[in-house]
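The values are calculated or read from the model by the stated rules, or taken from the named source; none is laboratory data. These numbers were taken from a predicted model, which means no experiment stands behind them. Neighbour counts run over all protein chains shown; Cβ positions are idealised from the backbone, glycine included.
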């Protein structure tokens, strides 16, 4: 009798769990497979991808301003400024800056305040495929292998071109062309060194920082990046 009761109790459990498990696996497979396919589809320069934040603006009927600019139509000083501000090792790492990541992990183990270790490639895949808040640690775990994959299949120059065209530069303002027009009334091609530096240091906090009306702290950061961009040299060889 005990064996019969055991058999009867297992049948409903299996009937309930297997369809649920299959659905979960299918959804997970799609979520993993989609970025893999889209990264390849985004390789041609005539494809102009949008970010998850831009999708959110569409769904919530806010709209957004984004004007695609080929990397050849963006002032080199802007590209140099963004690299020197956001990811100085962009041309040498393979999607993840392992040295910077080790420093962050060591600081965390030591109980010290940690800083971000996101590369431009990581930020690009986050903007293209992932969420922004909450669950930042979980997102990082997904972000890193996607960044390695993107760096493997996509040229650095194309990664930079996509990043500069989907990065947020203010509420509902995406991409460097819209940002340059909105903040300085000129095209991305004609940005000055100072304007490029101010736009670059705005990226970590585009809602709280205004490159057209910088405070003392933002001006100091911009001066530092302006000097670094002038001496970028080999740090930017991969996008020349």
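Just to be sure, is residue 152 at pLDDT 85 or above, surrounded by fewer than 11 Cβ atoms within 10 Å (Cβ to Cβ) and outside the structural domain of residue 36 (by TED's automatic domain parsing)? Answer is yes for this residue.
Scanning region 189-209 for residues that are under 24 Å from residue 132 (Cβ atoms) and crowded, with 16+ Cβ neighbours inside 10 Å yields a total of 8.
Yes/no per residue for (1) out of contact with any strand residue (DSSP E or B) (no Cβ under 7 Å at 6 or more places or on another chain); (2) within 22 Å of residue 152 (Cα to Cα); (3) modelled with pLDDT under 95:
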| position | (1), (2), (3) |
| --- | --- |
| 75 | yes, no, no |
| 88 | yes, yes, yes |
| 91 | yes, yes, no |
| 99 | yes, yes, yes |
| 102 | yes, yes, yes |
| 106 | yes, no, yes |
| 113 | yes, no, yes |
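Take the residues in region 156-184 that are outside any helix (DSSP H, G or I) and in contact with a helix residue (DSSP H, G or I) (Cβ under 8 Å, 6 or more places away or on another chain), then tell me which one is nearest to residue 92 (Cα to Cα). Here the answer is 167.
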